[in-house]
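The next block holds one structure in the form of structure tokens; read it before the comments.
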Amino acid sequence: MNILVLTTKTDHHLYFIYHIKKTFKDTFVIFEKKKIRFKFDTKHPYLKKRSLFEKKYFFKNRKVYFQGYKSFFDINQKSSIEYIKKINPSVIILFGVGLIKKKFLSNFKKKHIINLHGGDPEKYRGLDSMLWSLYHKDSSGLVSTLHYVDHRFDTGKIIYKKKINISNYLTIHSLRAINTKNCLYMTKKFLTRILLKKKVFSYKQRNIGRYYSAIPSKLIDISIKNLNKIKEK
């Protein structure tokens, strides 16, 4: 069973790839190089702490190298689609890439195309979903989700959800790392069922959540304060 991961070259994604490839040998990787530009400031001091935390948490500050991966500016471009056809994957996993267009989906109708979303798409779709849920003082939004892909952001049928456990150890800069571990757990569970030819259950979203862009830096402090208040309860 060929598996394809479409993602970006960041530490948390490299950790995810490493463990998927370790369990499922026939795993291919495409990195999307396209960057989203925003008209407002999204930089915040916590991002540097998050980066340092993840390097230590995932790899104990060691560098990890991968061979045999491919890079495209946009995974929807024709050359990317043609490359994927040659791989002929049974499962295509999206983790942190841009919107999948109808043309892409039409080329792989009989494939399992799934997406990993850091948040609850029935409430928060798009970017920085967990930070937005904290901004709204909504701890129920601290959820990792595995869902099927359609032509809109985070609206496909839900396969699994896994909560982020709220404890004194949870910090704003550890949130993405914990979400990544949840995503790895759900993906392995899904792939194992596919490999064993077991039925995968999914359900239509009961509510299509509001779409959010990246959270502005000036609102992140509010999200951090709200997380600390939630932990105190």
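Somewhere in segment 27-40, is a residue surrounded by 11 or more Cβ atoms within 10 Å (Cβ to Cβ), among the polar types (S, T, N, Q) and assigned to a strand (DSSP E or B)?
Looking for residues that are surrounded by 11 or more Cβ atoms within 10 Å (Cβ to Cβ), among the polar types (S, T, N, Q) and assigned to a strand (DSSP E or B), one finds at least one in segment 27-40, hence yes.
Taking the options His147, His151, name whichever one is in contact with a Pro (Cβ under 7 Å, 6 or more places away or on another chain) and either over 21 Å from Leu14 (Cβ atoms) or part of a loop (DSSP other than H, G, I, E, B) (or both).
Numbers: His151 fails: in contact with a Pro (Cβ under 7 Å, 6 or more places away or on another chain).
Among His147, His151, only His147 is in contact with a Pro (Cβ under 7 Å, 6 or more places away or on another chain) and either over 21 Å from Leu14 (Cβ atoms) or part of a loop (DSSP other than H, G, I, E, B) (or both).
Looking at this structure, is Leu131 outside any loop (DSSP other than H, G, I, E, B), aliphatic (A, V, I, L, M), buried (at least 23 other Cβ atoms within 10 Å of the Cβ) and under 15 Å from the mean Cα position of the chain (by Cα)?
Values: outside any loop (DSSP other than H, G, I, E, B): yes; aliphatic (A, V, I, L, M): yes; buried (at least 23 other Cβ atoms within 10 Å of the Cβ): yes; under 15 Å from the mean Cα position of the chain (by Cα): yes.
Yes, satisfied.
How about segment 153-181: which of its residues are of a type in the set (Lys, Arg) and free of Cβ contacts under 8 Å to residues at least 12 places away in the same chain?
Lys181
Only one residue in Tyr83, Tyr124, Tyr69 is crowded, with 19+ Cβ neighbours inside 10 Å and touching a strand residue (DSSP E or B) at 6+ places or on another chain (Cβ under 9 Å), so which one is that?
Tyr124
Filter segment 195-223 down to residues that are surrounded by fewer than 18 Cβ atoms within 10 Å (Cβ to Cβ) and assigned to a helix (DSSP H, G or I), then give me how many there are.
Qualifying residue count for the region: 6.
With the checklist (1) under 17 Å from the mean Cα position of the chain (by Cα); (2) part of a helix (DSSP H, G or I); (3) at pLDDT below 95 in hand, flag the one item Gly98 doesn't pass.
So Gly98 meets the others, but not (2).
Would you pick out the residues in segment 46-66 that are surrounded by 11 or more Cβ atoms within 10 Å (Cβ to Cβ) and part of a loop (DSSP other than H, G, I, E, B)?
Matches in segment 46-66: Val64, Phe66.
What residue, of Ile17, Ile75, is modelled with pLDDT of 95 or more, open to solvent by less than 20 Å² (accessible area, probe 1.4 Å), closer than 28 Å to His112 by Cα and touching a helix residue (DSSP H, G or I) at 6+ places or on another chain (Cβ under 8 Å)? Show your work before the answer.
Values: Ile17 fails: touching a helix residue (DSSP H, G or I) at 6+ places or on another chain (Cβ under 8 Å).
When all the criteria are applied, what remains is Ile75.
Looking at (1) closer than 30 Å to Leu196 by Cα; (2) touching a residue at least 60 places away in the same chain (Cβ under 8 Å), which is the one condition that is false for Gln67?
All conditions pass for Gln67, except number (2).
Could you tell me which of the residues Ile114, Ile84, Ile75, Ile92 is in a strand (DSSP E or B) and farther than 22 Å from Asn207 by Cβ? Before you say what the answer is, go through the steps one by one.
On the way: Ile114 fails: farther than 22 Å from Asn207 by Cβ; Ile84 fails: in a strand (DSSP E or B); Ile75 fails: in a strand (DSSP E or B).
Step by step, each of Ile114, Ile84, Ile75, Ile92 is checked, and only Ile92 is in a strand (DSSP E or B) and farther than 22 Å from Asn207 by Cβ.
Among (1) surrounded by 14 or more Cβ atoms within 10 Å (Cβ to Cβ); (2) touching a residue at least 60 places away in the same chain (Cβ under 8 Å), which single condition is Asp11 missing?
Failed condition: (2).
The values are calculated or read from the model by the stated rules, or taken from the named source; none is laboratory data. Values in this document were obtained by computation on a predicted structure and should not be read as measured data. In this analysis, Cβ positions are derived from the backbone assuming ideal geometry, glycine residues included, and neighbour counts consider all displayed protein chains. With ligands, DNA and RNA removed, areas are computed over all heavy atoms of the protein, side chains included. Shrake-Rupley method; radii C 1.70, N 1.55, O 1.52, S 1.80 Å.
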